[in-house]
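**Student:** Handing you a structure now.
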Amino acid sequence: MSCECENQFEYHEFVDCITSALDARDPYTGNHSRRVSDMACMLCGMLGLDENTTCEVHIAGHLHDIGKIGIPDSVLLKEGKLNDEEWELMKKHPQIGSDILSKSQTLSRIAAIILHHHERWDGKGYPFGAKRDEIPLGARIIAVCDSIDAMASKRSYRNALSLDECRKEIEKNKGIMYDPEIAEKALENWEELVSEYKQYQKACG
(Lines give C-alpha, C1' and ligand atoms only; values in the text may rest on other atoms or scores of the structure.)
Protein backbone atom coordinates (compact mmCIF):
# COMPACT_ATOMS: atom_id res chain seq x y z
CA MET A 1 0.00 0.00 0.00
CA SER A 2 1.25 3.50 -0.78
CA CYS A 3 0.46 6.70 1.12
CA GLU A 4 0.01 9.96 -0.75
CA CYS A 5 2.80 11.50 1.32
CA GLU A 6 5.29 9.11 -0.28
CA ASN A 7 5.09 11.30 -3.38
CA GLN A 8 6.75 14.15 -1.50
CA PHE A 9 10.48 14.35 -2.24
CA GLU A 10 11.28 15.79 1.18
CA TYR A 11 9.59 12.82 2.87
CA HIS A 12 11.59 10.30 0.84
CA GLU A 13 14.88 12.09 1.38
CA PHE A 14 14.49 12.50 5.12
CA VAL A 15 13.10 9.06 5.89
CA ASP A 16 15.65 7.30 3.67
CA CYS A 17 18.48 8.99 5.57
CA ILE A 18 17.06 8.06 8.95
CA THR A 19 16.19 4.47 8.08
CA SER A 20 19.67 4.03 6.60
CA ALA A 21 21.09 5.09 9.95
CA LEU A 22 18.84 2.57 11.69
CA ASP A 23 19.90 -0.18 9.30
CA ALA A 24 23.55 0.60 9.93
CA ARG A 25 23.07 0.10 13.66
CA ASP A 26 20.56 -2.75 13.62
CA PRO A 27 19.07 -4.24 10.43
CA TYR A 28 16.14 -5.72 12.39
CA THR A 29 15.06 -2.31 13.65
CA GLY A 30 15.20 -0.72 10.19
CA ASN A 31 13.15 -3.46 8.55
CA HIS A 32 10.72 -3.60 11.48
CA SER A 33 10.11 0.14 11.21
CA ARG A 34 9.30 -0.10 7.50
CA ARG A 35 6.78 -2.87 8.10
CA VAL A 36 5.18 -1.06 11.03
CA SER A 37 4.92 2.12 8.97
CA ASP A 38 3.02 0.51 6.12
CA MET A 39 0.81 -1.52 8.42
CA ALA A 40 -0.05 1.66 10.33
CA CYS A 41 -0.83 3.45 7.06
CA MET A 42 -3.23 0.67 6.15
CA LEU A 43 -4.87 0.76 9.58
CA CYS A 44 -5.36 4.52 9.28
CA GLY A 45 -7.31 3.88 6.08
CA MET A 46 -9.45 1.28 7.84
CA LEU A 47 -10.18 3.83 10.57
CA GLY A 48 -11.18 6.44 7.98
CA LEU A 49 -8.59 8.99 9.06
CA ASP A 50 -7.78 12.04 6.94
CA GLU A 51 -4.73 12.29 4.70
CA ASN A 52 -2.71 14.59 6.98
CA THR A 53 -3.16 12.32 9.99
CA THR A 54 -2.36 9.25 7.90
CA CYS A 55 0.84 10.84 6.60
CA GLU A 56 1.92 11.78 10.13
CA VAL A 57 1.33 8.23 11.35
CA HIS A 58 3.12 6.79 8.32
CA ILE A 59 6.21 8.92 8.97
CA ALA A 60 6.05 8.18 12.70
CA GLY A 61 5.91 4.48 11.91
CA HIS A 62 9.17 4.74 9.99
CA LEU A 63 10.79 6.73 12.80
CA HIS A 64 9.19 5.30 15.95
CA ASP A 65 12.39 3.48 16.98
CA ILE A 66 14.84 6.18 15.88
CA GLY A 67 15.76 6.67 19.54
CA LYS A 68 17.47 3.28 19.49
CA ILE A 69 20.35 5.10 17.79
CA GLY A 70 21.14 6.35 21.31
CA ILE A 71 21.08 2.89 22.92
CA PRO A 72 24.49 1.20 23.47
CA ASP A 73 25.34 -1.66 21.12
CA SER A 74 25.78 -3.95 24.13
CA VAL A 75 22.05 -3.53 24.80
CA LEU A 76 20.61 -2.96 21.32
CA LEU A 77 22.41 -5.89 19.70
CA LYS A 78 22.44 -8.27 22.64
CA GLU A 79 21.64 -11.87 21.73
CA GLY A 80 19.32 -12.94 24.51
CA LYS A 81 16.93 -11.33 26.96
CA LEU A 82 17.84 -8.02 28.54
CA ASN A 83 18.44 -7.87 32.27
CA ASP A 84 16.65 -5.27 34.40
CA GLU A 85 19.37 -2.64 34.03
CA GLU A 86 19.57 -3.14 30.26
CA TRP A 87 15.79 -2.99 29.95
CA GLU A 88 15.73 0.37 31.75
CA LEU A 89 18.23 1.67 29.19
CA MET A 90 16.15 0.31 26.29
CA LYS A 91 13.04 2.01 27.67
CA LYS A 92 14.70 5.37 27.09
CA HIS A 93 14.45 5.09 23.30
CA PRO A 94 11.04 6.84 22.96
CA GLN A 95 12.35 9.89 24.84
CA ILE A 96 15.60 9.90 22.84
CA GLY A 97 13.67 9.67 19.57
CA SER A 98 11.31 12.44 20.59
CA ASP A 99 14.22 14.66 21.62
CA ILE A 100 15.84 14.16 18.21
CA LEU A 101 12.72 15.17 16.27
CA SER A 102 11.63 17.94 18.64
CA LYS A 103 14.49 20.04 17.29
CA SER A 104 12.12 20.67 14.37
CA GLN A 105 8.84 22.51 14.98
CA THR A 106 7.46 20.88 11.82
CA LEU A 107 7.99 17.42 13.31
CA SER A 108 6.61 18.18 16.78
CA ARG A 109 3.42 16.13 16.30
CA ILE A 110 5.44 13.19 15.00
CA ALA A 111 7.79 13.56 17.97
CA ALA A 112 4.78 13.26 20.30
CA ILE A 113 3.70 10.02 18.60
CA ILE A 114 7.19 8.59 18.97
CA LEU A 115 7.39 9.65 22.62
CA HIS A 116 4.17 7.80 23.50
CA HIS A 117 4.26 4.69 21.29
CA HIS A 118 5.01 2.39 24.25
CA GLU A 119 2.24 3.76 26.46
CA ARG A 120 -0.68 1.45 27.21
CA TRP A 121 -4.42 2.07 27.25
CA ASP A 122 -4.53 1.08 30.94
CA GLY A 123 -1.75 3.49 31.92
CA LYS A 124 0.88 0.82 32.62
CA GLY A 125 3.19 1.67 29.74
CA TYR A 126 6.21 3.97 29.53
CA PRO A 127 7.73 6.54 29.70
CA PHE A 128 4.95 8.43 31.53
CA GLY A 129 2.21 5.94 32.31
CA ALA A 130 -0.20 7.93 30.12
CA LYS A 131 -3.58 6.29 29.56
CA ARG A 132 -6.54 6.32 27.19
CA ASP A 133 -6.96 9.61 25.32
CA GLU A 134 -3.88 11.08 27.02
CA ILE A 135 -1.97 9.04 24.44
CA PRO A 136 -1.86 10.63 20.95
CA LEU A 137 -4.02 8.81 18.40
CA GLY A 138 -1.02 8.08 16.19
CA ALA A 139 0.84 6.45 19.07
CA ARG A 140 -2.17 4.22 19.79
CA ILE A 141 -2.17 3.09 16.15
CA ILE A 142 1.60 2.50 16.12
CA ALA A 143 1.31 0.48 19.35
CA VAL A 144 -0.97 -2.11 17.72
CA CYS A 145 1.13 -2.42 14.56
CA ASP A 146 4.40 -2.44 16.48
CA SER A 147 3.15 -5.32 18.62
CA ILE A 148 1.91 -7.37 15.67
CA ASP A 149 5.21 -7.12 13.84
CA ALA A 150 7.33 -7.67 16.96
CA MET A 151 5.38 -10.77 17.96
CA ALA A 152 5.52 -12.20 14.44
CA SER A 153 9.28 -11.66 14.09
CA LYS A 154 11.87 -14.24 15.12
CA ARG A 155 14.52 -12.95 17.51
CA SER A 156 17.66 -14.53 18.92
CA TYR A 157 15.97 -15.08 22.29
CA ARG A 158 12.56 -16.37 21.10
CA ASN A 159 10.71 -17.83 18.15
CA ALA A 160 8.17 -15.86 16.16
CA LEU A 161 4.52 -16.27 17.07
CA SER A 162 2.16 -17.43 14.35
CA LEU A 163 -0.21 -14.81 12.99
CA ASP A 164 -3.08 -16.66 14.68
CA GLU A 165 -1.25 -16.36 17.99
CA CYS A 166 -0.63 -12.67 17.33
CA ARG A 167 -4.34 -12.18 16.68
CA LYS A 168 -5.21 -13.82 19.99
CA GLU A 169 -2.78 -11.54 21.83
CA ILE A 170 -4.32 -8.42 20.29
CA GLU A 171 -7.80 -9.70 21.18
CA LYS A 172 -6.74 -10.54 24.74
CA ASN A 173 -5.18 -7.11 25.31
CA LYS A 174 -7.90 -5.01 23.64
CA GLY A 175 -8.83 -2.32 26.15
CA ILE A 176 -5.82 -3.25 28.32
CA MET A 177 -2.70 -2.53 26.30
CA TYR A 178 -4.45 -1.21 23.20
CA ASP A 179 -7.14 1.31 22.36
CA PRO A 180 -10.18 -0.99 22.04
CA GLU A 181 -11.54 0.77 18.94
CA ILE A 182 -8.23 0.56 17.10
CA ALA A 183 -7.60 -3.03 18.16
CA GLU A 184 -11.11 -4.04 17.10
CA LYS A 185 -10.65 -2.43 13.69
CA ALA A 186 -7.40 -4.38 13.26
CA LEU A 187 -9.16 -7.61 14.23
CA GLU A 188 -12.10 -6.94 11.90
CA ASN A 189 -9.67 -6.50 8.99
CA TRP A 190 -7.06 -8.99 10.16
CA GLU A 191 -6.53 -10.93 6.94
CA GLU A 192 -6.04 -7.76 4.91
CA LEU A 193 -3.78 -6.25 7.55
CA VAL A 194 -1.48 -9.26 7.89
CA SER A 195 -1.43 -10.00 4.16
CA GLU A 196 0.54 -6.78 3.81
CA TYR A 197 2.80 -7.95 6.63
CA LYS A 198 3.32 -11.36 4.98
CA GLN A 199 4.66 -9.66 1.86
CA TYR A 200 7.27 -7.85 3.93
CA GLN A 201 8.05 -10.99 5.92
CA LYS A 202 8.79 -12.84 2.69
CA ALA A 203 10.80 -9.98 1.19
CA CYS A 204 12.82 -9.33 4.33
CA GLY A 205 13.34 -12.94 5.31
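**Student:** Within the group GLU6, GLU88, which residue is modelled with pLDDT of 95 or more and in a helix (DSSP H, G or I)? Don't jump to the end; show me each part of the working.
**Tutor:** On the way: GLU6 fails: modelled with pLDDT of 95 or more.
Matching residue, one of GLU6, GLU88: GLU88.
**Student:** Residue by residue through segment 82-91, note down the ones that are under 20 Å from SER33 (Cβ atoms) and either touching a helix residue (DSSP H, G or I) at 6+ places or on another chain (Cβ under 7 Å) or among the polar types (S, T, N, Q) (or both).
**Tutor:** LEU82, LEU89, MET90
**Student:** Can you give me the ranges of the helices (runs of 4 or more DSSP H) entirely in segment 95-205 with at least 1 residues that are at pLDDT 95 or above and among the aromatic types (Phe, Trp, Tyr)? Walk me through it before giving the result.
**Tutor:** Values: elements: 108-116, 137-151, 163-172, 180-188, 190-204.
Passing ranges, in order: 190-204.
**Student:** Looking at SER74, is it of a type in the set (Gly, Ala, Ser) and over 19 Å from ILE142 (Cβ atoms)?
**Tutor:** Numbers: of a type in the set (Gly, Ala, Ser): yes; over 19 Å from ILE142 (Cβ atoms): yes.
In short, yes.
**Student:** For residues in segment 27-85 being among the small types (Gly, Ala, Ser) and not in a helix (DSSP H, G or I), which is nearest to LYS185 (Cα to Cα)?
**Tutor:** Let us first name the residues in segment 27-85 that are among the small types (Gly, Ala, Ser), namely 30, 33, 37, 40, 45, 48, 60-61, 67, 70, 74, 80.
Right, trim to not in a helix (DSSP H, G or I) and you get 48, 80.
Values: GLY48: 11, GLY80: 34 Å.
Here the residue is GLY48.
**Student:** Scan segment 52-108 for residues that are surrounded by 12 or more Cβ atoms within 10 Å (Cβ to Cβ) and of a type in the set (D, E, K, R) and jot them down.
**Tutor:** Initially, segment 52-108 is screened for residues surrounded by 12 or more Cβ atoms within 10 Å (Cβ to Cβ), giving 53-71, 75-78, 82, 86, 88-102, 107-108.
Passing the criteria: GLU56, ASP65, LYS68, LYS78, GLU86, GLU88, LYS91, LYS92, ASP99.
**Student:** If you go through segment 110-137, how many residues are closer than 20 Å to CYS44 by Cβ, surrounded by 17 or more Cβ atoms within 10 Å (Cβ to Cβ) and out of contact with any strand residue (DSSP E or B) (no Cβ under 9 Å at 6 or more places or on another chain)?
**Tutor:** Count: 13.
The values are calculated or read from the model by the stated rules, or taken from the named source; none is laboratory data. All of these numbers come straight from a predicted model, not from anything done at the bench. Heads up, the Cβs are rebuilt from the backbone with ideal geometry, glycines too, and the neighbour counts pull from every protein chain shown.
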